[in-house]
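One structure below.
The numbers here are math on the coordinates, done by the rules we state, and not lab data. For clarity, every value in this text was computed on a predicted model and none was experimentally measured. Every residue, glycine as well, gets a Cβ built from its backbone with ideal geometry; the counts of neighbours run over all protein chains shown.
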């Protein structure tokens, strides 16, 4: 990220599920937003202190336990506003003193940093990605060479198929993907590289995508994930 950019994104890998927790720092204001605080909140607080920033916002990509179990501890130390999509709050059923609820297309102002909220259902009904400049914090929607499960409560492979197709068509190819878990042979990747090597982005037919996501992938492919050439996702 160039020094002239208004923000910088710091990443921590935390917990037994290799979660990425992100700290978005706005350089001008000294404000910061933590994305999906979980597992080791002291490490997140120490990172904020190291960079001399105040955590004023908490952004959730979705409400699964491994992405939210540190919210309460963050709020014990910082008077932060919680942000999530309205659809996810409804699905979650827990509002934590009425967070700021968003719709896809909304923007969150973190000082001089503009954060675009994208509604990306599939892993959960209200899953969100956060676009900051040419970077995309993608939660459990899009992993490096993978995507989130759709067989948990609230998952929908048809929605995931549409979401991933929309991302291919609407986001710039140079977008840098910052995933919710460290499941691959590399921690970040461009969208162009994912379009080329992520098997979940190769399908032109919904039924084949659903069969791959729900029945084939987890039985035949194991991490750390690497690229898959188009046409080699699964037998016909």
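Tabulated results
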{"read-out": "Tilt relative to the chain, helix 157-170 - C-alpha long axis, 0 to 90 degrees, to 10", "value": "70"}
{"read-out": "DSSP bridge pairs, the chain: antiparallel proportion in percent, nearest 5", "value": "65"}
{"read-out": "Within the chain, helix-based [θ] at 222 nm, where runs of 4 or more DSSP H residues each add -39,500 (n - 2.57), nearest 500", "value": "-6500 deg cm²/dmol"}
{"read-out": "Added length on full extension, which subtracts the Cα-Cα distance from 0.36 nm per residue, residue 188 to residue 77", "value": "37.0 nm"}
{"read-out": "Most fluctuating residue given options 21, 44, 210, as computed from a GNM of the chain linking Cα atoms under 10 Å", "value": "210"}
{"read-out": "Percent RCO, i.e. relative contact order, over the chain, from Cα pairs under 8 Å lying at least 6 residues apart", "value": "14"}
{"read-out": "Förster radius 25 Å - calculated FRET efficiency between residue 13 and residue 205 (Cβ-Cβ, nearest 0.05)", "value": "0.10"}
{"read-out": "Whole-percent pair-distance distribution, where bins are 10 Å wide, for the alpha carbons of region 124-227", "value": "15, 53, 30, 1"}
{"read-out": "Segments 119-131, 223-235, 29-41 sorted - mean Cβ within 10 Å per residue, highest first", "value": "119-131, 29-41, 223-235"}
{"read-out": "Dimensionless Rg/Rh of the chain - Kirkwood Rh, Rg from C-alpha atoms", "value": "0.96"}
{"read-out": "Choice from 13, 158, 50 showing the highest fluctuation, given a GNM over the chain with Cα pairs closer than 10 Å", "value": "50"}
{"read-out": "Span from the region 12-43 Cα centroid across to the region 105-147 one, whole angstrom", "value": "15"}
{"read-out": "Stretchable slack from residue 236 to residue 216, in nm (0.36 nm times residue separation minus alpha-carbon distance)", "value": "6.1 nm"}
{"read-out": "Tilt relative to the chain, helix 41-50 - C-alpha long axis, 0 to 90 degrees, to 10", "value": "60"}
